[in-house]
Every structure is written in structure tokens, then in C-alpha cells.
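Visitor: Let me give you the structure first, and then I'll get to my questions.
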Amino acid sequence: MSRTRTRTFAVDQACAAAVEPARAAAEEIARPGEVGEHLGFESEAERVVTHYFACLDRAYRGWRWAITVSRASRARNVTVSETVLLPGAGALLPPAWVPWSERLLPGDLGVGDLLPTSDDDDRLAPGFTETDDDSDRQMIFEYGLGRARVLSAIGRDRAVHRWHAGDSGPHTPLAHAAPAQCSTCGFYWPLAGALRLGFGVCANEYAPDDGKVVAADHGCGAHSEAAVIAPAGVEQPMPILDDLGYDLMEEGAPAAGSVDAEESEPLGHS
């Protein structure tokens, strides 16, 4: 293996001395007063030199004007080849470019937008071939037969973490104030497959999570048994019976619940 050699070029004296022509070229593309002092030059190739000038524009602090000059072989005249504004040390630069797939956030997808999934997405795994066996179509659907790709273990774990730590998990003020967990609610519809024990869908139209995936240990005030479940740690008081009071009765009046003497005589007595 041979080492790559970097060729160095001797500085062309005529190009190195062309400071004023380079400054004039920079002033042509810059606004008045934006070309500062000469910062030096650099030999780019044979008879090619780039001169650098400070940029005085307050919007481009740390940048510099780069003017490349050159001359033909055996020619005495130096001409301007390129003019450009380049960042220098400490220049204010935009953040590094990030692919759209990494900038996408939940909720960004709008009506008519398409979100293609890459072939190497680790959230998905290859599916299986469709079968004509009708004996257990539920199992066929469960394991993704007939779909090109299904949820992988990585995709499932990410979903579990995201759902459990989100607004429909157990660590929210709504869940803490709930009378019981979603797993004991009649409106809780468990998911199928490996997530059945931990997650389900809320089917209560009055609940804030209606139609959403909720954790089994989530909860809200719209629990199906909220009317009969007492809050934890609160004891119901015993009923109070008043056995000291009495009612005033007139003299000779029969007591409440007594039977009149005439009505109580046995039949046939004279």
C-alpha cells in the first residue's frame, strides 16, 4: 500500500502581489464598506493564489472574502478567477443538516402526506406468506401472515415505552386521581398479541382517552364502576340512629300500632 502524496505548489509571486486587484473584485460583489483588511493568501495550484479579506458585515461575523486570482503560463497579467464569501475561524454557521426522517415529529403528518418507510427500518420485521387454511384465521391475522412486514421486537418495545410513559400511562395526574385502574373497567378492550396484558383501547365515549391505547394501570374518572368504588384509604361512616327522642300523645289515645278493643274482640262474643 503506497502513501498518498500531497503536491505542494510554489507561490506565484505575480499572483501573490495582486492584492489590490483581488480587493477590487471583492468590493464589486460586496456592499460598500464590507471589505476589510487583507488577511493573507494561500497557494491553490500552479500560478493560482487565493487572497482573503475580512468581512465587515455584522451579519457575517467571522466570515471572510476569498478571491482567487491566476495567470496563464508565460503571461504577466493576473486575472480574477473566483470570488466567494467563506466562513473563517469562529464564524456563525447554521446547524448541521439533518435528514427529514430525523426531523419529523409526531403530529407533522397532514392530510394527503405520504411517509415512506425505509427497507431497513428496525421497527419492522418481514411478514409471512398468505395461507389458504381456514382453520385458524385468527392466528393467521395475529402473526401477520399475508403482510409484507410486521412489528418487530424493537418496534414493540419502543411502543410499550412510549405508551407507558405518555399521557395514557400510569404516571399522570389523571391516573393518580382515578378511582381504579383501566384493567378493571368495563370499557377497557385489551389489545391482541403480546401487548394484551399491558395495553388496551378505551371504548368509553365520555372518557378523555376514548378510542386511544391506554395502559392497563392507567385510569380516569369515567371508570365503569366509579359509582360503587370508594376512594382508597377513605372509610364510610356508620349511620347514626336516634334512640333518645319520643313523641307526645294525648291521654286516652291508642298507642301507635295498637288495635282498638272493640275490633279486637273475638267473633261470637256478646
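Quick note: the coordinates plus some simple rules give every number you see, no bench work behind them. Every value quoted in this text rests on a predicted model; they were computed, and no experiment measured them. Every residue, glycine as well, gets a Cβ built from its backbone with ideal geometry; the counts of neighbours run over all protein chains shown.
Visitor: Each label point is 7 Å from the Cα along the Cα-to-Cβ direction; what then is the distance between the points at Ala10 and Ile240, in nm?
Guide: 11.4
Visitor: If you don't mind, another one. Where a ≥ b ≥ c are the square roots of the eigenvalues of the C-alpha gyration tensor, would you call region 1-80 rounded, which needs a/c under 1.5, or, failing that, prolate if a/b is larger than b/c, or oblate? Mind showing how you got there, number by number?
Guide: Values: a/c = 3.19, a/b = 1.50, b/c = 2.14.
Taking the square roots of the gyration eigenvalues as a ≥ b ≥ c, region 1-80 is oblate.
Visitor: What order, most packed first, do the peptides 21-30, 92-101, 163-172 have when packing is the mean number of other Cβ atoms within 10 Å of each residue? Show your work: numbers first, answer last.
Guide: Working: 21-30: 18.1, 92-101: 7.4, 163-172: 16.5.
The peptides rank, most packed first, as 21-30, 163-172, 92-101.
Visitor: How much net charge surrounds Asn204 when only the other residues with a Cβ under 13 Å from the Cβ of Asn204 are counted, with Lys and Arg +1 and Asp and Glu -1? Provide the component values of the computation, followed by the final result.
Guide: Working: positive: Lys212; negative: Glu205, Asp209, Asp210, Glu225.
Net of charged neighbours comes to -3.
Visitor: I need the calculated FRET efficiency for the pair Arg147 and Asp108, taking r as the beta carbon distance and R₀ as 35 Å, to the nearest 0.05.
Guide: Numbers: r = 25 Å, r/R0 = 0.72.
With a Förster radius of 35 Å, E is 0.90.
Visitor: Considering only C-alpha atoms, what is the centroid distance from region 171-193 to region 27-87, in Å?
Guide: 68
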